[in-house]
Amino acid sequence: MDWNFGWLHFGAAAFVLVIINLIRVCTGKTKGWQALLLASLSCGAAAILSGYRMVGNWALHGDMAAIQDVIPTMTKIYTIALLIGIVLNLLVLAAARLKEKE
């Protein structure tokens with residue numbers, strides 16, 4: 001079985017980057033927030049693609065039991081993680097806009 005833990009690393013990096021960006025913007029350091037926002041979104045996309053790559057490899061090897069077991073859970077987790085990531089990135093965007101207006 002081909003276990004790919006890239007989704008875990010990319011997902012953790014996405015959330016760490018958005019939290020760092022949110023803290024930086026809230027403390028008034030608004031320079032360079034766009035690059036961190038892009039890095040966070042890119043890591044989030046890479047995490048989801050990495051997870052689907054793992055499932056694709058299971059399908060190629062005919063491991064239908066793993067697919068039937070994992071896909072329903074992954075769908076819920078990916079949906080929640082994606083929504084949290086979008087909300088956090090929107091918070092960074094709103095906070096940066098508010099800091100720029102001040």
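The values are calculated or read from the model by the stated rules, or taken from the named source; none is laboratory data. As the structure is a computational prediction, the values presented were derived from the model and not from experiment. Positions of Cβ are generated from backbone atoms using ideal geometry, with glycine treated the same way; all protein chains shown enter the neighbour counts. In case anyone asks, the SASA skips ligands and DNA or RNA and just uses the protein heavy atoms, side chains included. Shrake-Rupley method; radii C 1.70, N 1.55, O 1.52, S 1.80 Å.
Things worth noting here:
- Exposed loop positions in the chain were taken to be chymotrypsin sites (Phe, Trp or Tyr not before Pro) whose DSSP state is not H, G, I, E or B and which have at most 16 other beta-carbon atoms within 10 angstrom. Between these positions, the longest stretch is 6-102.
- A full extension of the chain between Ile86 and Leu8 corresponds to an added length of 26.3 nm, given 0.36 nm per residue minus the alpha carbon distance.
- Surface share of carbon and sulfur [accessible, 1.4 angstrom probe, percent] for the chain: 73
- At a probe radius of 1.4 angstrom, the accessible area of region 2-102 per residue rounds to 64 square angstrom.
- Kirkwood hydrodynamic radius of the chain, Cα pairs, Å: 14.8
- Mean separation of Cα pairs under 8 Å and 6 or more residues apart, divided by the residue count, gives region 1-67 a relative contact order of 46 percent.
- Efficiency of FRET from Cβ geometry, Thr75 and Ile20, R₀ 30 Å, rounded to 0.05: 0.60
- Per-residue ellipticity at 222 nm computed for the chain from its helices equals -30500 deg cm²/dmol, with DSSP H segments shorter than 4 residues left out and the rest contributing -39,500 (n - 2.57).
- Label point 7 Å beyond Cα of Leu98 along Cβ direction - residues of region 31-72 with amide nitrogen under 19 Å: 31-34, 37
- 3J(HN,Hα) from dihedral phi, region 77-88, Karplus parametrisation 6.51/-1.76/1.60, rounded to Hz, x for glycine, proline: 5, 4, 5, 5, 4, 5, 5, 5, x, 5, 4, 5
- Pairwise Lys count, the chain - Cα closer than 23 Å, eight or more residues apart or different chains: 4
- Chain lengthening between Lys29 and Met64 when straightened (0.36 nm per residue, less Cα-Cα): 7.7 nm
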